[in-house]
């Protein structure tokens, strides 16, 4: 591999040693080339061990428990919350709500903040590159309350049209929601500037950080957004746990999302008093082992350094775009390497993405095929589906070569 | 999975097109992968399928399966069509399929049966 510049560099061969699954073959003699991290990332040994260790030595339900195990479990769970808060530059752990995933985090904003603050005719501004998780919940509430949904269009280059954005802000939306990084185009949006513009227009801002927080340093206090959602499983952590960051004053003012245990201070037969944030929004027994695994995942990424992670992915996407451009009949979607993260979606010679993904699987290359939960985006690109390769800390230049080799094989089959 | 016969039917479909007029026509899609298939059939006086055609777009599995199926049903009675099932399609294709690709392979049978019997939710019955 070419050498990287900068203080901390990532030793990919050492990183690979940390991920047990990367040692397996997909079938006899065919090593795994995992290029599907935008869907979910693989897990390092430290994360798996942290969760196993919890179950083997500390397992107990958290809060209110007096016994030793409950105390340790509570401490470990809350330490994970603190790790998350520090990782994204939140002012306090009270701003970190644990949910099941990014989708649930967005639903929490929509149905807690939205339902109690919005009225018929209010405008919500989203973008054409949103994952379904940041459009469908709004559609549900729009149906219920009679909201107006507007969408920032994308340019031919695959960037958000910021002039159109400025015009749409004149509609005085109550909330602006946008993805930090497109899960299809890879586009990294200028979230700080967009947040400033939205705030000037009097709107709150919700950022979908599912594809950004795992891949480069995100400092929420610098970005200034009011809410941000992301998932552990895309950043080396377990499935089943996600985060909603919310500004504390806003969280204080919002009603609970789900009702039940843990989210209350006291309950009488017909009434309850809600707990303080973040617990107000965490009904029922949470994903305790997962929170602990999540903490271990953040430790792991911190150790590598998020700038090194980003630099590594920049190198991979730069190389991938170069190699893909050399393949006749291949059309990739999205901007230049410096404006995007480690994701590339493409169509190839009219071969259906499912057929292409299947042939790539024959040579061990795992990619995703379909609309990647962004059907409106594919509609605006006038294509039914794409094949998507996405990269993370454990991917190598040689694996991109394997992808290119697989494409040539597919051409042979369908040529 | 991409046996020669599948690629051949995909690249050189025998039954692609539409029939106008037709006795039965139905179109459906698999929104998850964007595959879309329409099947038209004509039935003769004895209740046998005399002509069939398919149109639409999709992956090699869904398209070749549609081509082979519309070819295979010529001369069959509607009762015989009703008896066609998942095993029949898999045998016709000569491959094994996982749950995801099975949907591609069975889309044409779903469309055919829905067209002939007006059943719109055959998926569970088929899978």
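Listed values, structure above:
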{"read-out": "Angle in degrees between helix A:397-414 and the longest Cα principal axis of chain A, rounded to the nearest 10", "value": "60 degrees"}
{"read-out": "Spacing of the two label points (7 Å from each Cα toward its C-beta) at residue A:170 and residue B:45, in nm", "value": "7.2 nm"}
{"read-out": "Computed P(r) (all Cα pairs; the protein assembly as shown; 20 Å bins; percent)", "value": "20, 46, 30, 4, 0"}
{"read-out": "Stokes-Einstein D in µm²/s, Kirkwood radius over Cα pairs - segment A:262-395 at 10 °C with 1.306 mPa s viscosity", "value": "85 µm²/s"}
{"read-out": "Between segment A:334-392 and segment A:49-97, the Cα center-to-center distance that results, in Å", "value": "37 Å"}
{"read-out": "Share antiparallel - DSSP beta bridges, chain B, percent rounded to 5", "value": "95 percent"}
{"read-out": "Rotationally averaged projected area of segment B:1-87 (alpha carbon convex hull; nm²)", "value": "6.0 nm²"}
{"read-out": "Partner chain coverage, peptide B:102-109 - average Cβ within 10 angstrom", "value": "1"}
{"read-out": "Crossing angle, helix B:99-117 versus chain B [Cα axis fit, 0-90 degrees, rounded to tens]", "value": "10 degrees"}
{"read-out": "Proxy reagent accessibility, fewest Cβ within 10 Å first, across A:127, B:77", "value": "B:77, A:127"}
{"read-out": "Chain A: most fluctuating residue of A:327, A:363, A:152 per GNM, C-alpha cutoff 10 Å", "value": "A:327"}
{"read-out": "Cα-based helix-to-principal-axis angle, A:353-362 vs chain A, degrees rounded to 10", "value": "70 degrees"}
{"read-out": "Kirkwood Rh and Cα Rg combined as Rg over Rh, evaluated for segment B:37-127", "value": "0.94"}
{"read-out": "Residue exposure sequence - B:101, A:64 - by fewest surrounding Cβ within 10 Å", "value": "A:64, B:101"}
{"read-out": "Segment A:88-247: radius of gyration over Cα atoms, expressed as a fraction of 2.2 N^0.38 Å", "value": "0.96"}
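Here, each number is a calculation from the coordinates, and none is a lab measurement. Since the model is a prediction, treat every value here as computed from it, not as a measurement. Please note: Cβ atoms are built from the backbone with ideal geometry, for glycine as well, and neighbour counts cover all protein chains shown.
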